[in-house]
Amino acid sequence: MAVQTVASTTVSAAGSAEPSVDLGPAAALSCRECGHRVPLGPVFACEECFGPLEIAYDFSAYDTEELRRRIEAGPANIWRYAPLLPVPADVATRPNINPGWTQLVQADNLARELGVTGGLFVKDDSGNPTHSFKDRVVAQALEAARAFGFTTLSCSSTGNLAGAVGAAAARAGLRSCVFIPHDLEQGKVVMAAVYGGELVGIEGNYDDVNRFCSELIGDPAGEGWGFVNVNLRPYYAEGSKTLAYEICEQLGWRLPDQIVVPIASGSQLTKIDKGLQELIRLGLVEDKPYRIFGAQAEGCSPVSTAYKAGHDVVRPQKPKTIAKSLAIGNPADGPYVLDIARRTGGAVEDVTDEQVVEAIRLLARTEGIFAETAGGVTVGVTKKLIENGVLDPSLTTVVLNTGDGLKTLDAVADSGLTATIRPNLESFREAGLA
Ligand SMILES: *Cc1c(COP(=O)(O)O)cnc(C)c1O
Ligand SMILES: [Zn+2]
């Protein structure tokens, strides 16, 4: 089994309570299913039950007001939350792409259009260094890769992750070799290739790419490789918590009532929930209910299908949608997403590709934000949930835009010139533009 090979060669004191590396407040890896603990290392599956491992922290030394002051005095990027992340103490001084602290846009025009009266905000993560939310997770994984001595950074990607890994590796001076489905959008391919690392197209869909990477990890060919979303996944995943932290801090240390989050593997959604729970536990926000809604494209909707059927398990699908960054047919965190949506009083919904395109245009026209197809999915699902009476328009609502429309130009390729005229006023008037 690949998992055990990696564990036994890299973690010397497996089973002991002592962490093998110092990653700030991160204390150990803990199994999400059975709670079994192992020291911090490049492992991702429980040796007892094969459940996913996640970071367990010791935050007991923190004083709430002191922590708040420390965060507010921190840099305008994710490292302001270093006290809550699995990173070395000197993280802010090392070469990293330093993503985060993206705009929380008060979307009054969109709110009017959708009938939201309780306040509508778009958390616009297209403002990250490689124009997607993936910079947050890669920035974490990079620190873990360094801590564990990996020399090559790798991943299986639906597109955005490949670019984020390429850029982070370039900044850090590491080799990168990333794997994507062979038929991605040109914007994503160019973005992933330009940083100079190796980019490999796999003949298959994302789930095939992911399976291949799992094989490579267990093979000598993959030795010394840190796969950000496989053997470094517990660290990688923590990066998504920073979205929750930023949203609350930008709202004035307040929880939103409702958040609409896109789902690919479901990791982001589950860690946003974890981040909100931590803020409550640390006393940084008031303890009150919030609802988390998941958004998928109809052409790859394994989680919303399970949600609507009342199932606890997610049956894999073969993806066919323009929302390629969300096209994971067998989402690893699907069951946890179902659990969070149900526990918080949220829901999981999907929209057609036509509705995705419509929503991209709606967000661009109302707020001047050009989202990639994944942002079309969240805005489209928000609209649908309001129309169906599931999302409450009288409550404060945050919608995530996780990527940049410039990477998925094909979706709106029929946008273009209003008119072509000769360079004189007569021609301008003839075109009816005066
Ligand atoms: C990867 C990705 C997501 C969601 O990722 P999860 O696997 O669910 O964590 C959302 N939006 C964009 C643009 C992405 O690239
Ligand atoms: Zn376990």
Quiz item: Over the chain, what is the percentage of antiparallel beta bridges among all DSSP beta bridges, to the nearest 5?
Solution: 30 percent
Practice problem: In Å and from the alpha-carbon atoms only, list the Rg and Dmax of the stretch 110-231. | Solution: 16.4, 57
Quiz prompt | Per-residue ³J(HN,Hα) for the stretch 255-268, Karplus 6.51 cos²θ - 1.76 cosθ + 1.60, θ = phi - 60°, Hz, x for Gly and Pro | solution = 6, x, 7, 9, 10, 10, 10, x, 10, 10, 7, x, 4, 4
Quiz prompt | Förster radius 45 Å - calculated FRET efficiency between E198 and N424 (Cβ-Cβ, nearest 0.05) | solution = 0.30
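Please go through the stretch 279-339 and write out the trypsin sites (Lys or Arg not before Pro) that DSSP classes as loop and that have at most 14 other C-beta atoms within 10 Å.
Values: sites: R281, R291, K308, K320, K324; in loops: K320.
When the trypsin sites (Lys or Arg not before Pro) of the stretch 279-339 are filtered for loop state and at most 14 Cβ neighbours within 10 Å, K320 remain.
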Practice problem: Please give every one of the aspartates and glutamates within straight-line cross-link reach of K288, meaning a C-alpha to C-alpha distance under 18 Å, and leave out same-chain neighbours fewer than 8 residues apart. | Solution: E246, E249, D257, D273, E278, D392
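Show me the ranking of peptides 57-63, 328-334 by mean Cβ neighbours inside 10 Å, starting with the highest.
Working: 57-63: 12.6, 328-334: 22.6.
My ranking of the peptides, most packed first, is 328-334, 57-63.
Calculate the dipole size of the stretch 223-262 relative to its Cα centre from +1 charges on Lys and Arg beta carbons and -1 charges on Asp and Glu beta carbons; express the result in debye to the nearest 20.
Numbers: 3 positive and 5 negative charges, 12 e Å.
Roughly 60 debye for the stretch 223-262.
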Quiz item: What size of dipole, in debye to the nearest 20, comes out for the chain about its Cα centre when the only charges are +1 on Lys and Arg C-beta atoms and -1 on Asp and Glu C-beta atoms?
Solution: 300 debye
Quiz item: Dimensions of the stretch 346-415 along principal axes (Cα, Å, largest first)?
Solution: 33, 22, 18
Quiz prompt | Using alpha-carbon coordinates, inclination of helix 160-172 to the longest axis of the chain, degrees | solution = 60 degrees
Exercise. Scan around V200 for amide H atoms under 5 Å from its own, H built in the peptide plane at 1.01 Å from N, and keep only partners 5 or more places away or cross-chain.
Key: V178, F179, I180
Quiz prompt | Between the stretch 157-210 and the stretch 239-290, the Cα center-to-center distance that results, in Å | solution = 28 Å
Quiz item: Got a sec? Which residues in the stretch 146-180 would a label at A221 touch, if it sits 7 Å along Cα→Cβ and we count backbone N under 16 Å?
Solution: 154-156, 177-180
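Tell me, what % of the accessible area of the chain is carbon and sulfur with a 1.4 angstrom probe? Numbers along the way, then the final one.
Details: 8680 of 17470 Å².
Using a 1.4 Å probe with all protein chains present, the chain comes out at 50 percent carbon and sulfur.
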Exercise. Would you work out which of V228, P331, Q258 lies farthest towards the positive end of the dipole of the chain, given +1 charges on the beta-carbon of Lys and Arg and -1 on that of Asp and Glu, about the Cα centre?
Key: Q258
Quiz item: Per residue, how many Å² of accessible area does the chain show with a 1.4 Å probe?
Solution: 40 Å²
Quiz item: Roughly how tilted is helix 334-344, in degrees to the nearest 10 and between 0 and 90, from the longest Cα axis of the chain?
Solution: 70 degrees
Self-check item: Cut-off 20 Å, label 7 Å out along Cα→Cβ of A309, residues of the stretch 199-214 by amide N
Solution: 207
Self-check item: D404 long-range amide H proximity, modeled H, under 5 Å
Solution: E372
Quiz prompt | Gained length - R37 relative to L406, 0.36 nm times residue gap less alpha-carbon distance | solution = 128.6 nm
Quiz prompt | Extension gain from A61 to S214, taking 0.36 nm per residue of separation minus the Cα-Cα distance | solution = 51.3 nm
Quiz item: Quick one: Karplus J couplings for the stretch 360-375, per residue in order, coefficients 6.51, -1.76, 1.60, θ = phi - 60°, nearest Hz, x for Gly and Pro?
Solution: 4, 5, 4, 5, 5, 5, 8, 10, x, 10, 9, 8, 6, 4, 4, x
Quiz prompt | Added length on full extension, which subtracts the Cα-Cα distance from 0.36 nm per residue, R175 to L395 | solution = 74.6 nm
Self-check item: Electrostatic dipole magnitude of the stretch 22-127 [Cβ: Lys, Arg +1; Asp, Glu -1; Cα centre; debye, to 20]
Solution: 220 debye
Exercise. Give the share of C-alpha pairs in each 10 angstrom bin for the stretch 157-282, from 0 to the last occupied bin, in whole percents, shortest bins first.
Key: 12, 36, 31, 17, 4
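Assuming a viscosity of 1.002 mPa s and a temperature of 20 °C, what translational diffusion coefficient in µm² per second does Stokes-Einstein assign to the chain, Rh being the Kirkwood radius over Cα pairs?
Taking Rh from Cα pairs, D becomes 97 µm²/s.
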Quiz item: Cα centroid distance between the stretch 54-118 and the stretch 342-407, in Å?
Solution: 23 Å
Exercise. Set Lys and Arg Cβ to +1 and Asp and Glu Cβ to -1, take the dipole of the chain about its Cα centre, and tell me which of V399, H311, I322 lies farthest positive.
Key: V399
Practice problem: Pop out the ³J(HN,Hα) list for the stretch 67-80 in order, Karplus 6.51 cos²θ - 1.76 cosθ + 1.60 with θ = phi - 60°, rounded to Hz; leave Gly and Pro as x. | Solution: 5, 4, 5, 4, 4, 5, 8, x, x, 7, 7, 5, 6, 4
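The values are calculated or read from the model by the stated rules, or taken from the named source; none is laboratory data. This is a predicted model, so every value here is computed, not measured. We place every Cβ from the backbone using ideal geometry, glycine too, and count neighbours over all the protein chains shown. For the accessible areas, the whole protein counts, side chains as well, though only heavy atoms, and no ligand, DNA or RNA atoms are used. Shrake-Rupley method; radii C 1.70, N 1.55, O 1.52, S 1.80 Å.
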